[in-house]
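Data block below; observations after.
The values are calculated or read from the model by the stated rules, or taken from the named source; none is laboratory data. Small disclaimer: the values here were computed from a predicted structure and weren't measured. Neighbour counts are summed over all protein chains in view; Cβ atoms, including those assigned to glycine, are modelled from backbone coordinates with ideal geometry.
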Amino acid sequence: MARRDGGGGMATDETAWLRAADEVDAPALVEVTIDGRVVRLPDGEMLAASLLAAGYAALNGSIVQGEPRGPFCLMGSCCQCVAEIDGVPQVRTCRVAVRAGMRVRRMMDASPVRPPDAVA
Ligand code: FES
């Protein structure tokens, strides 16, 4: 097994991170409703990342013509990931943790920031 000592005082084994990953317990899956469909997502993980992993890349429509948009920055800056959560519109899903019973509605057809004269 190769060892690497970068001279920084910390010798590392190249496979140490793999063993560490094996030692981490995977979070329990909880049921969340997305557009009325029940899906199981990892409890406590960030909602945007969990939705991406579950195949939900588009969470809302663009402000002009409604083109699908989804998480981009994953750190709360771009607002591309907004969705309705438990009846509250425009929630940044990258800033919310998954919890059991959460109701998510994608805002594909009703962007709250769409100007009134925009092409539908
Ligand atoms: S992905 Fe950019 S604010 Fe959520």
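Please identify the pairs in which a residue from region 18-46 that is more than 22 Å from MET107 (Cα to Cα) has its Cβ atom under 8 Å from the Cβ atom of a residue that is at pLDDT below 95, counting only partners at least 6 apart or on another chain.
PRO42/ALA26; PRO42/PRO27; PRO42/ALA28; ASP43/PRO27; ASP43/ALA28; GLY44/PRO27
Would you confirm, using the coordinates I've provided, whether LEU47 is within 10 Å of the ligand (Cβ to nearest atom), among the aliphatic types (A, V, I, L, M), over 19 Å from LEU29 (Cβ atoms) and modelled with pLDDT of 95 or more?
no
State all residues of region 77-94 that are touching a residue at least 24 places away in the same chain (Cβ under 8 Å) and more than 6 Å from the ligand (Cβ to nearest atom); if no residue qualifies, say none.
Listed by number, the residues that qualify are VAL82, ALA83, ILE85, THR93.
Suppose we filter VAL38, VAL113 for residues that are at pLDDT 90 or above and either part of a strand (DSSP E or B) or within 14 Å of the ligand (Cβ to nearest atom) (or both); which single one remains?
Within the list VAL38, VAL113, the selection yields VAL38.
Any idea which of (1) modelled with pLDDT of 95 or more; (2) surrounded by 15 or more Cβ atoms within 10 Å (Cβ to Cβ) is the one ARG69 doesn't satisfy?
(1)
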